[in-house]
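Data block below; observations after.
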Amino acid sequence: MNISINWIKDYVDLPDDITLGELGTRFTLATCEVEGVETTGEHLKAVKIVEITEIEQHPDADRLNLVTFNTGEEQRRVVCGAPNVAVGKKVPFASIGTTLPGGFTLVPKKIRGIASEGMLCAEDELGLGEAHDGLLILDDDAQIGMSLADYLGTESDIVFEIDNKSITHRPDLWGHYGMAREFAAVFGRPLKDVFSKEWREGLKALYTDEEPPVTITVEEDSCCLGFTGISMENVTVKPSPQWMQDRLSTCGMRPINNIVDISNYVMLETGMPNHIYDRDTIKGGEIIVRRMGEDGVFVTLDEQERNMIATDTMVCDKERISGIGGIMGGLDSSIKDSTSRIFLESANWRDSEVRKTSVRLGLRTDASQRYEKSLDTNLLEQSLLRLVELLKESCPEAVVVGPMQKTAMQPTPELKITCSADRIARVLGETVAAERIVEILESLDFKVTVDGDVLIVDVPSYRATKDIEFEADIIEEIGRVIGYDNITPVSPINLAETTRLSDAKQMQRKIQDYMVFHARALEVMTYPMIGKKLLEQASWPIKNEKLTLVNALAPELSRMRPSMVPTLLEKAAQNQKNFNSFRFFEMGRSYESLEGQAYSKDRYQLGVVFFDKTGSPFLDLLNVMKPLMNFLNLKAQFEPANEKYPNPVMPAEWSGVHPHEYLNIKVMGKNCGIVNTVHPIITRQFKIKGNVAVAIFDITDFMDREIKDKTKYTALPKFPSSKFDCTVVADAQTPVSDILRVMNKLKVKEAEGVKILDVFKMSEEQKTVTIRTTFLDREKTLSPEVLREAEDKVVATLKKAGFPLKV
Amino acid sequence: MLQKLEELKKEFRESVEGLTDKNSLAKFKSDYLGKKGKLNDILKGMRSATTDVKKSVGAAANEFKQEIQESLVKQLAKIEIDEINSQLKKSWQDVTLTDDVQVKGLQASGYHPVTLIQREIEDIFISMGFDILDGPHIEDDFHNFEALNIPATHPARDMQDTFWFTDMAHLLRTHTSCIQVRGMEAHEPPFKFVGPGKVFRCEATDASHEMAFHQLEGMMVGKDISVANLIYFMKTLLSEIFRKDVNVRLRPGFFPFVEPGFELDIECLICGGTGCKVCKQSGWVELLPCGMVHPNVLRAGGIDPEQWNGFAFGLGLDRLVMMRYHIDDIRHLHSGDLRFVEQFKAY
Ligand SMILES: [Zn+2]
């Protein structure tokens, strides 16, 4: 919103000893954000009226002329392309050095080889309108050499551009008078009481005893919070005076005619929107405010068809609809050049309903924007009287017919808040004297009653609609006016207490650390939303239909992912274009849909992808995942798939499970993860050319527990150990785990450990496996006899299990 | 005799360096020092010499003997090293062919840039005695809106651009303030904690807007917590984040969950407050919203606002990440493109 400082000065004298920039900064710190400070109309002082004396064709350009003109002091010449140049015409001239609206400064230049000494201007170049067809042609009797500003009678103004977001909670700041009150309070200046009781009485004297020509009915269930109206006659539609046009332009409104301009002007002044009807268009002399009743179409002032619904509140006459309550009037009832009888409306509407309708229609108007902020019904009368006053000024011959009518008035409830200087000091952390508090509040139009230490604060009704509710709001008023800059920062009292990362956070960090420093993987982040298409591409059996978004940005982000696997596959497919092999991980979430109250559960998961164009990265991944469990102090088992124990992170029917490169991760007796080479049937669907191993590890169920480090020290052995290697024959596809399992059942108490030393493939069917068994007696040196016996037992056990010694 | 000795010395010195293997070295040694060696050969004449001559020749011979022995030890060491080195030459390998120059080499690894910044900030808060909390992405109306003093009719709901689920009761959290609510439910005052995490807004994405981004919510509740405390706190925190003394200022800002509410500006770090393009010539950059916790919010969290009060603030992490690394497009953060994350490699 633009604020005209000329206008503000109608109500308050601003300090002249600080710069405009400082003025804006102080206002930003105390009230609302001043996004920019601009001076308007400065260029109009520099632009002079000249008379064209000679026109020649440019020698090198058909469409350009060399125009010579008289500035009153000398003859000058410019290159000009305007079609409407003619000798004797008076036109505006901007000389070199003039800055025009849009920040464009004229510099000396040659156009097609001929120097141009400035520019003759069109309307839009001067910021006076939109016309660009030719030069702005001035009256024939315009005085040569006069500035355009003097010719037009415009004043230069300073505009504060206010960020609308910073005043969403302040309905009172949507008009210049409210803004002026803030300037007065912030800079400690008196505010002119322009809407005094005397002023009211003066205008009320214009009322007559006649029967009001328009009757007003407000139906009880509508969203109207009060409706005031008054009729006037004998008005003349004509242009507004320049000063009013200037102010409206400064505030971004196009001047139209005196009646419409006054309507806009009063809104910009009081912050309360209003509507002026051509009274002859009000059918049946009656205005009825009611709900739409049924869905239907209404054509608004901007000639757009609007789809209304039954619950919208409309302003109607006997026969038809004339406006949408609080948003916009209709085309039919608007002011025409011939209008002489008018009806002035100043009404208030419920904030939430105006907002709802305006959002639905996509129609945000100056009026709806203000009503959304919760306006004060008590201001209706004042704004209506101000309309009457300005109309009388514009058309002294106009008369008021009848008294003001007021209907369905719902005054803003009175609000008193108790507070104390002590309390204010404690919340701000800065002492403010009670007298100063009273002074600040009174400058903001609060009434304060001092009762000992207690301050009883009477809130003005226009701030009590929503903005001010309780003590903290009063404290804010004091804080912002004294300036938060003037509060000395103080350290809060800190109790000596220890803090550390939560168990869950520690576990997540450890996993990230491990993946980066041990697994040599890159961390990624992906959207936790997914689309049906990707789930189908991955053949993922769970579709999470219940966790679908109503207003997703795109179908591929329409629901929460039931698993990280499809997303990880998609990312693998994308990255294979740039890398032959890669490793990445995400410490992310998937989402479980639940029945009933619980609705859903966020699952905290580690997802890892190892990709290689040629070989299988499965063992590399498994060799990363296994030590991860030790690193986290978790006792975990890695086991083949087993129908009896379903895995919550891996639906059994998923076709991406590899026939033998698959293991469940089991922690504390429950399956909570997988390590899997994605079946080619799935990678093919993603056009992945290579091998993808993926691991999921869900920590949700145990991350909040404290995981103790159960490491225990064992004394180092005092006697030497002995190693025994033997090589056995096995089927080529027998996993070594089968052999190790046999060895684990070996009943030799001196056996310390069994490991595989070597595997050698003999043929397609057979391989040899060399097993190293370590024997140790912690009490004494092993005797050759004991060793021999133990070794024999190893060989016999293996043989019995079907693994004969290689001969 | 001395002259003979000198000649022998010369001969020795000239030939010793030509020895290249252990065998010839052994032979050479006995040629000079053996019983029938060249030195003894000369010394044979000593018997008939005068005492003076004996004395001087004896000393010179001893000196020479020592020189021979030392030279031979040195030469032996040289031969051994040459032998090993010639072996090593056979097992030469290209030491410039390291992982980092090969396509097939082990790839770079590292944290996501958001993780880097988030950890850094979490650690600052831990050092100041804050707990780090977390919460679900899928929230209910109560935790995201109601408990934060944003009732159903509040205009702030429009501003939030919420992703709603089909039941119209659950949503994707629009801010980390929900963690505030959950924190209050779980803790007895006094307390202080922060809640970092992903949040979601239903708005079109472009280089500077994302529908999923990261915030860090902070809250401190105690007895008589004041605006002065808040300012102190923010100044300390931001000085630590930016690793230099920063100036901050508060100005009125409206957020339903705080009262009074503030926009906190930080003095432009680019120009130092004199005005530049980044700060739009104002010298200040809007950084974070904060304020004194609204009594309705405390009440919704089960805390008596008559006894306790506090402050809260929200920090956008993605913007800090983008500022720190000069990232031009926020959409890279969730792209999963390894060419992007690779640039933040840890080693
Ligand atoms: Zn700057």
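Key figures
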quantity: For the protein assembly as shown, accessible area per residue (1.4 Å probe, heavy atoms of protein chains only), Å²; calculated: 48
quantity: Estimated distance in nm for a label pair at residue A:719 and residue A:133, the labels positioned 7 Å out from Cα along Cα-to-Cβ; calculated: 11.6
quantity: Accessible area of segment B:113-341 belonging to carbon and sulfur atoms, whole % at 1.4 Å probe; calculated: 51
quantity: Candidate residues A:660, B:137, B:209: accessible-area rank, largest first, probe 1.4 Å; calculated: A:660, B:209, B:137
quantity: Base-10 log of normalised Debye intensity for segment A:187-260 (one unit scatterer per alpha-carbon) at q = 0.18, 0.22 Å⁻¹; calculated: -1.17, -1.10
quantity: Debye, to nearest 20: dipole size of segment A:503-698, +1 on Lys, Arg Cβ, -1 on Asp, Glu Cβ; calculated: 240
quantity: Dimensions (Å) - segment A:197-407, Cα atoms, principal axes, largest first; calculated: 44, 40, 34
quantity: Unit charges on C-beta of K, R, D, E only; dipole of the protein assembly as shown, Debye; calculated: 9340
quantity: Helix-only [θ]222 nm of the protein assembly as shown, DSSP H runs n ≥ 4, -39500 (n - 2.57) each, per residue, nearest 500; calculated: -9000 deg cm²/dmol
quantity: Span per principal axis, largest first, for the Cα atoms of segment B:11-150 (Å); calculated: 124, 40, 19
quantity: Debye log10 I(q)/I(0) for the protein assembly as shown, one point scatterer per Cα, at q = 0.06 Å⁻¹; calculated: -0.73
quantity: Accessible area of residue A:155 in the full protein assembly, 1.4 Å probe (Å², nearest 10); calculated: 120
quantity: Hydrodynamic radius (Kirkwood) for segment A:711-807, which is based on Cα pairs only, to one decimal in Å; calculated: 14.3
quantity: log₁₀ of I(q)/I(0) at q = 0.18, 0.20, 0.22, 0.23 Å⁻¹ - segment A:42-153, Debye sum with one point per alpha carbon; calculated: -0.86, -1.09, -1.33, -1.45
quantity: Interface burial for B against A (accessible surface, 1.4 Å probe, total of both chains, Å², rounded to 100); calculated: 7300
quantity: Normalised per residue, the volume of the convex hull around the Cα set of segment B:2-91 (Å³); calculated: 71
quantity: Restricting segment A:173-245 to GluC sites (Glu not before Pro) in coil, as DSSP defines it, with at most 14 other Cβ within 10 Å; calculated: A:210, A:219, A:220
quantity: Sulfur and carbon atoms: percent of accessible area, segment A:722-800 [1.4 Å]; calculated: 50
quantity: Leading residue at positive end of dipole, chain A (Cβ point charges), from A:138, A:296, A:528; calculated: A:528
quantity: With DNA, RNA and ligands ignored, accessible area of residue A:654 (1.4 Å probe; Å², nearest 10); calculated: 10
quantity: Drop in accessible area of at least 40 Å² in the complex versus isolated chain, residues of segment A:582-618, 1.4 Å probe; calculated: A:589, A:599, A:602
quantity: Buried on assembly, segment B:89-116 (at least 20 Å² less accessible surface than by itself, 1.4 Å probe); calculated: B:103, B:106, B:107, B:109, B:110, B:111, B:112, B:115
quantity: Residue of B:118, B:87, B:281 that the Gaussian network model of chain B assigns the largest fluctuation, springs spanning Cα pairs under 10 Å; calculated: B:87
quantity: Those residues of segment B:207-248 for which accessible area with every protein chain present is at least 20 Å² below the isolated value (1.4 Å probe); calculated: B:211, B:220, B:224, B:226, B:227, B:228, B:229, B:231, B:232
quantity: Per-residue HN-Hα couplings for segment A:766-780 [Karplus 6.51, -1.76, 1.60; θ = phi - 60°; Hz; x = Gly/Pro]; calculated: 10, 9, 10, 10, 9, 10, 10, 10, 9, 10, 8, 10, 6, 9, 8
quantity: Residue A:550/residue B:236 FRET efficiency (R0 45 Å; Cβ-Cβ; nearest 0.05); calculated: 0.60
quantity: Charge context of residue A:144, other residues only, Cβ under 13 angstrom, K/R +1, D/E -1; calculated: -3
quantity: Largest-first ellipsoid semi-axes for segment B:240-347, taking √(5λ) over the Cα gyration tensor eigenvalues, angstrom; calculated: 32, 21, 12
quantity: Spatial separation of Cα centroids for segment A:494-570 and segment B:58-85, in angstrom; calculated: 73
quantity: Accessible area, probe 1.4 Å, largest first, for residues B:134, A:209, A:133; calculated: A:209, A:133, B:134
quantity: In nm, spacing of pseudo-spin labels at residue A:422 and residue B:325 (7 Å Cα→C-beta vector); calculated: 5.4
quantity: Kirkwood-Stokes translational diffusion coefficient of segment A:503-698, alpha-carbon pairs, 20 °C, 1.002 mPa s, µm²/s; calculated: 126
quantity: Accessible surface of residue A:199 - all protein chains present, 1.4 Å probe, nearest 10 Å²; calculated: 40
quantity: Heavy-atom accessible area order for A:353, A:319, largest first, 1.4 Å probe; calculated: A:319, A:353
quantity: Sulfur and carbon atoms: percent of accessible area, segment B:42-107 [1.4 Å]; calculated: 56
quantity: Nitroxide proxy distance, nm - points 7 Å out along Cα→Cβ at residue A:598 and residue A:74; calculated: 8.9
quantity: FRET efficiency, residue A:117 to residue A:242 (Cβ-Cβ, R0 35 Å, nearest 0.05); calculated: 0.70
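The values are calculated or read from the model by the stated rules, or taken from the named source; none is laboratory data. Keep in mind the model is a prediction, meaning the values are calculated, not measured. Note: ideal-geometry Cβ built from the backbone for every residue, glycine included; neighbour counts use all protein chains shown. SASA here: full protein model, heavy atoms, side chains in, ligands and nucleic acids out. Shrake-Rupley method; radii C 1.70, N 1.55, O 1.52, S 1.80 Å.
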